[in-house]
Amino acid sequence: MSAKSQNVDLLTGRILPSLTALAVPIMATSLVQMAYSLTDMAWIGRAGSGMVASVGAAGMYTWLSSGLVTVAKIGGQVKAAHSIGEGDRERAGEYAAGAIWLTLLFSLGFGAVVNGAAGPLIGFFGLQDPKVIADAVAYVRIACGLIIFSFLSQTLTGLYTAAGNSKTPFVANCIGMAFNILLDPVLIFGPGPFPALGAAGAAIATVTAQALVVLVLLLAAGKDEVLFPHVRMGKRIRLEVIRAIVRLGLPAGIQGMFYCGISMVLTRFVAAWGELAVAAQRVGSQIESISWMTAEGFGTAINAFVGQNFGGRQFDRVKKGYMTAAGIVFLWGSFTSALLIFGSRPVFTLFIREEDVVPIGMDYLRIIGFSQMFMSMEMMTGGALSGLGRTFQCSVINVLLTGARIPLALLLGRVWGLDGIWWAFSLSSIVKGIVFFLYQVRVLRKLG
C-alpha cells in the first residue's frame, strides 16, 4: 500500500465512507490509548487501593498538561486542515512546523515546573498515607518530567489526521500499547531479577511506550506525500503563523486546563470520604473513558473533515458530515450508558476487587452512566465547532457549565453524600451535551 493511499479524500469522496474511513482508525486509536490507562489500572489495582489512589492523584497533573499541548495540537491541526482544503500545502506545512515547535517548548517548560514542585502539587489533594504520597510524587516526576513524548504523540497524531491519514497513528499506538502491556507487570511487580518499582514502574512503562509511538510516527512521516514533505523544522517560522495557531488553540487549551482544575478540586472533595473513594473515582473514570475517548476520537475525525471542507467552502458537506457523525455518536453513547448502568459490578471488578471499594465504584458507574450519550455528543460537537474555527465559543460553554460542578457538588454532596458528587458530574455533562448540540445546529443554519 502506498503512502498516499493512507490519506482519505475528505473533499470529494462520499461523506459516510470518507468519514468512516477516517474515523474508525481514530476511534480505534482512542481505544488503544484508553487501553494504556486500563492496562496500568488493571496491574496497579492488583497492588491495592493505595497505589490506585497514588496514581489517581498524580495522573491529574498529566491530565492538566493536556491543556498545554491542546494549544499546539488544535491550532496546528485546524490551520493545516484549512490550508489543505484551500490547496496550499506549503502553508499547511508551516503551520505543522509551528505546532511542533510549540509542543516542544510547552513540554519542556511543564516538565521542569512539575518536577520542581512535585511535593506541594501532590500535597494539594490532602492524602494522608505517607506511602501513597511517596508513590504519587514518584509517578508525577517521571510521567510529567518526560511528558515530551506524550505531547509529541498527540500533536503528530493531530497533524496526520488533518491530512486525512488516521491509519498511521493507529498502527503507532498499537505498537506502543503492546510494548506497554509487556512492560507493566515487569516494572510494577519485578518478577525474577527485575526490581519491583510499583507506581514508578507504571510511569516508566507508559513513558517508554509513548516514546516508541513518537519514533514510529516520525519514521512514517518520511513516507507521507500530503503534509510532512512541506514541514521544514529548520526554517524560521513566521510570527503570524505562531499567533494564528495560538489564537485558535488557546481557548481549547484553557478549556482543557480549566476542566482538569475543576476535577482536581472535586477530587479534593472526594478525598474527604477517604482514599478508598479516591481509588474508586480513579478506576471509575478510567472505565468511563470507554465512551469519552471514543467520542473524542470521532471528534478529531469530524474536526479534520469539517476543517478541510470549510476551508474549501463546501458547506453542504460540512452539514451532512456533522449530522452523520451525530447519529453514530448517539448510538455509541447510548450503548456505553447501558453498559455502565446495568453492568457496573462486573465491569468495575475487572480492575479492583477490594470489597470496601467495589460498592463505591458501582455507584459511580451507575450514576455517571446516565450522562454518557450526552457527553459523547458534547465531545464530538466540540471537534466539529473547532473545525469551523469556533474554539472560543466552545470554551465559553465548557467553562461556564463545567465550573457549575463545584457549587452543584457542594449542594448535592450535603444531601446525598458521595453520590451527590457523582451526580454533579453526570448532570453537568447532560446539560453540556444538550447545549453543544443546539448551538451547533444554530451555527450550521447560518452557513452559506
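Highest GNM mean-square fluctuation, the chain, Cα pairs closer than 10 Å: which of K319, K223, K73?
Ranking K319, K223, K73 by mean-square fluctuation puts K223 first.
For K79, give me every one of the aspartates and glutamates with a C-alpha distance below 20 angstrom, ignoring sequence neighbours fewer than eight places off in its own chain.
Straight-line reach from K79, under 20 Å: D9, D88, E90, E94, D224, E225, E240, E296.
Based on the Cβ-Cβ distance from R414 to R236, what FRET efficiency comes out when R0 is 45 Å, to the nearest 0.05?
Step by step, r from the Cβ atoms, then E = 0.20.
Can you find, among V318, T402, V329, the residue sitting farthest towards the positive end of the charge dipole of the chain, where Lys and Arg contribute +1 and Asp and Glu -1 at Cβ?
V318
Residue by residue, what Karplus-based ³J(HN,Hα) values in Hz, rounded to whole numbers, does segment 271-278 have, using 6.51, -1.76 and 1.60 with θ = phi - 60° and x for Gly and Pro?
Using θ = phi - 60°, the values come out as 4, 5, 8, x, 6, 5, 5, 4 Hz.
Go through segment 87-97 residue by residue and turn each phi into a ³J(HN,Hα) via Karplus (6.51, -1.76, 1.60, θ = phi - 60°); whole Hz please, and just put x for glycine and proline.
x, 10, 6, 4, 5, 4, x, 5, 5, 5, 4
Rounded to the nearest 500, what is the chain's calculated 222 nm mean residue ellipticity when only DSSP H runs of at least 4 contribute -39500 (n - 2.57) each, over all residues?
Helices in the chain give a 222 nm mean residue ellipticity of -28500 deg cm²/dmol.
Report, by chain and number, residues whose modeled amide H sits under 5 Å from the one on S166, excluding near sequence neighbours (fewer than 5 apart, same chain).
When sequence neighbours closer than 5 places are left aside, the close amide H contacts are V8.
Loop only per DSSP, at most 16 neighbouring Cβ atoms within 10 Å: give me the GluC sites (Glu not before Pro) in segment 264-372, ordered by residue number.
Here the sparse-neighbourhood loop sites are E354, E355.
Report, ordered by chain and residue number, the lysines lying within cross-link reach of K73, taken as a straight Cα distance under 28 Å and ignoring same-chain residues fewer than 8 apart.
Counting by Cα, and skipping residues close in sequence, K73 has these lysines nearby: K4, K167, K223, K235, K319, K320, K432, K446.
Relative contact order for the chain: what is it in percent, counting Cα pairs under 8 Å that are at least 6 residues apart?
Once normalised by length, the contact order is 24 percent.
Please give the peptides 368-375, 252-259, 124-131 ranked by average Cβ packing (other Cβ atoms within 10 Å per residue), highest first, as a rough proxy for protection.
Highest-to-lowest ranking by the protection proxy: 368-375, 252-259, 124-131.
With a cut-off of 8 Å between alpha carbons and a minimum separation of six or more residues, what is the relative contact order of segment 24-135 in percent?
29 percent.
Starting at the first residue of segment 235-250, write each ³J(HN,Hα) from the Karplus equation 6.51 cos²θ - 1.76 cosθ + 1.60 with θ = phi - 60°, in whole Hz, x for Gly and Pro.
8, 5, 8, 5, 4, 5, 5, 4, 4, 5, 5, 5, 4, 7, x, 4
Would you please give the residues with an amide H less than 5 Å from that of V226, counting only those at least 5 places away or on a separate chain, with H modeled from the backbone geometry?
Long-range HN contacts for V226: none found.
Size of the dipole of the chain about the Cα centre, Lys and Arg at +1 and Asp and Glu at -1 on the beta carbon, nothing else charged, in debye to 20?
The calculation lands at about 1360 debye.
Could you pull out the trypsin sites (Lys or Arg not before Pro) across segment 347-448 that fall in loop regions by DSSP (anything but H, G, I, E, B) with no more than 14 other Cβ atoms inside 10 Å?
R353
I'd like the orientation of helix 418-446 relative to the chain: the angle between its Cα long axis and the longest Cα principal axis, in ° from 0 to 90, rounded to 10.
The helix 418-446 is inclined about 10 degrees to the chain.
For a protection proxy built on the mean count of beta-carbon atoms within 10 angstrom, sort 376-384, 12-20 highest first, please.
The densest-packed peptide leads the list: 376-384, 12-20.
Hey, what did segment 267-329 get for relative contact order, percent, Cα under 8 Å, at least 6 apart?
That works out to 23 percent.
Bear in mind that the values in this text are calculations on the coordinates, not laboratory data. Computed from a predicted structure; not experimentally measured. Here Cβ is always computed from backbone atoms with ideal geometry, including for glycine, and neighbour counts include all displayed protein chains.
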